[in-house]
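Enquirer: Following this message is one structure expressed as C-alpha cells.
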Amino acid sequence: PWLFIDTHAPDHFRFARMDRRATREWTSRKRGGLLTAISRSIGRRALRRFGGICVVRGPGGFSCTCSGVVVANVLSRIFRIPLVGVMVDACDDLAILFQRVHTGAIASVDFVEPVYAMEPNITMPRQTVKSIKSVKTNVL
C-alpha cells in the first residue's frame, strides 16, 4: 500500500491508504494534527509497511501545502520508502493514481518541493519589527 497526503486546501486536509484492492480515505477540517490523524487512523505500525508516499505538491496556499510536503518528505526519509509528488489535478481518482505510482509511471524522487498558488505573504507583527529596528540601531 501507499500513503497519500493532500494538504493543498486551506480549509481541510485528506490522506488515504491506497492499494490494489481498495482505497480508504480520511478527511479532516482541522488544520493541525496531520501526523496525529494519520497515526490514529492508519496506525503507527502500519506506517512502516507502506510501499511509498504520494503527496500533493500543489498548487495551494503556503502554510497548508508546505505542511503536507514536509510531513511526506520526513516520513519518506525516516522509513526509507519511495516518495512521489503530484499536482492536485492528478488526484481526482486515487485508484488510477495508485496504479501510476505503483507501476512507476510517476517516478519517485528524493525530495518533493511544494508549488504555491501565489507568492508567500509572510509578515511580522509591528512590535517585532520595532524591536528588530531598535536592536539594529543599538548595534550600529
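Throughout, read-outs are computed from the coordinates displayed, never taken from laboratory work. These numbers come from a predicted model, not from an experiment. A quick note on method: Cβ atoms are made from the backbone with ideal geometry, for glycine too, and the neighbour counts reach across all protein chains shown.
Enquirer: Label residue 117 and residue 39 with points 7 Å out from Cα along Cα→Cβ: what is the distance between them in nm?
Expert: 3.0 nm
Enquirer: Based on the Cα coordinates of the range 1-110, what is the per residue volume of their convex hull in Å³?
Expert: 90 Å³
Enquirer: Pop a pseudo-label 7 angstrom from the Cα along the beta-carbon direction at both residue 63 and residue 93 and give the gap in nm to one decimal.
Expert: Computed distance between label sites residue 63 and residue 93 equals 3.6 nm.
Enquirer: Can you compute 3J(HN,Hα) from phi for each residue in the range 5-21, using the Karplus curve 6.51 cos²θ - 1.76 cosθ + 1.60 with θ = phi - 60°, rounded to whole Hz and x for Gly and Pro?
Expert: 10, 9, 10, 5, 7, x, 9, 6, 10, 9, 8, 8, 9, 10, 8, 5, 7
Enquirer: A follow-up question, please. Peptides 108-115, 40-47, 71-78: what's the order by average Cβ count within 10 Å, highest mean first?
Expert: Per-residue Cβ counts within 10 Å, averaged per peptide and sorted highest first, yield 71-78, 108-115, 40-47.
Enquirer: On to the next question. What is the magnitude of the charge dipole of the range 1-118 about its Cα centre, with +1 placed on the Cβ of each Lys and Arg, -1 on the Cβ of each Asp and Glu, and no other charges, expressed in debye to the nearest 20?
Expert: Once rounded to the nearest 20, the dipole reads 720 debye.
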